[in-house]
Amino acid sequence: MEEETKKKKNNKLKAFIQKNSIPAYTSIGIAVFFLAVMITAQITTMSKSEEVLKGKREDELADSLVTIKRDYDELKAKYEESQEIVEEYQTNSASNDSLIASMKNQINTLGLLAGTTDVQGEGIIITLYDGNNSGSLVHDSDVLTVVNELRVAGAEAISVNEQRIITTSAIRCVGSVIQVNYQKVAAPFEIKAIGNAQYLESALTIKNGVVDVLNEYGLKVVLTRESNINIPKYDGALSFNFAKQGE
């Protein structure tokens, strides 16, 4: 009886299971399906969100790169412009320095020629003394002869008793005295000349030259070479009343 009763219970259970297995599996399948769909949807949403976020970041980065590039280009342009200005300044500065140096050299040269600057250098000193008799006096022509000979010999600067000789200098007798640059000078006459000392001396002491002629006149001439002679600048007025630069 008991075994029969157990068989009946088992049969009923099998019948119940068989009866309810399809709906149960179906419910479970549906649940799993919906769960899978939900998971897939969530994954898809997350993936899309990541793509959107990623895209958004790329756009922002692109904008930032564009801005940075624009700023860089502007800075680069300003830098290049500044470099050009600096290079131009340096070039002009170098040119200006060269121009200024050249102008200074020209001014110095013109100053030497015009006698407007003190100068020094090697050269000779010729001193003319009156002779022992009244007929042997130094005349303006004697001084002028020595000065002209020095000029021809290439003297770069000349003075007579510290009066600088320039192109407009006058050496002449006024009564019993000699004037140089309208200033009275008296014997002995010390004539300084800056230039090649050996050449200047040779030009004056050549046979039958200036020194020989002056000695024949009864004048005493003393000539010495000097390694350093100082000649003062011309201190008179320099003006042109009628001459002007041609156009």
Of the residues that make up the stretch 100-107, is at least one modelled with pLDDT under 80, in contact with a Leu (Cβ under 8 Å, 6 or more places away or on another chain) and not in a strand (DSSP E or B)? no
What number of residues within the stretch 158-189 are of a type outside the set (D, E, K, R), more than 24 Å from Asn132 (Cα to Cα) and in contact with a Lys or Arg (Cβ under 8 Å, 6 or more places away or on another chain)? 3
Quick test for you: out of Ile166, Ile178, pick the one residue that is closer than 18 Å to Asp118 by Cα, at pLDDT below 95 and either among the hydrophobic types (A, V, I, L, M, F, W, C) or not in a loop (DSSP other than H, G, I, E, B) (or both). Ile166
Out of the stretch 132-143, which residues are open to solvent by 20 Å² or more (accessible area, probe 1.4 Å) and either closer than 21 Å to Lys233 by Cβ or at pLDDT below 90 (or both)? Asn132, Asn133, Ser134, Gly135
Considering the stretch 181-202, residues that are under 49 Å from the mean Cα position of the chain (by Cα) and modelled with pLDDT under 95, and then whichever is most open to solvent (accessible area, probe 1.4 Å), we arrive at Tyr182
Pair list, Cβ under 8 Å, 6 or more apart: the stretch 198-221 residue closer than 17 Å to Gly123 by Cα and in contact (Cβ under 8 Å) with a residue 60 or more places away in the chain, other residue small (Gly, Ala, Ser) and surrounded by fewer than 15 Cβ atoms within 10 Å (Cβ to Cβ): Leu200/Gly154
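The values are calculated or read from the model by the stated rules, or taken from the named source; none is laboratory data. Here the structure is a predicted model, which means the values were calculated and not measured. Reconstructed Cβ throughout: ideal geometry from the backbone, glycine too, with neighbour counts over all protein chains shown. When the accessible area is computed, the model is the full protein with side chains, heavy atoms only, and any ligands, DNA or RNA have been set aside. Shrake-Rupley method; radii C 1.70, N 1.55, O 1.52, S 1.80 Å.
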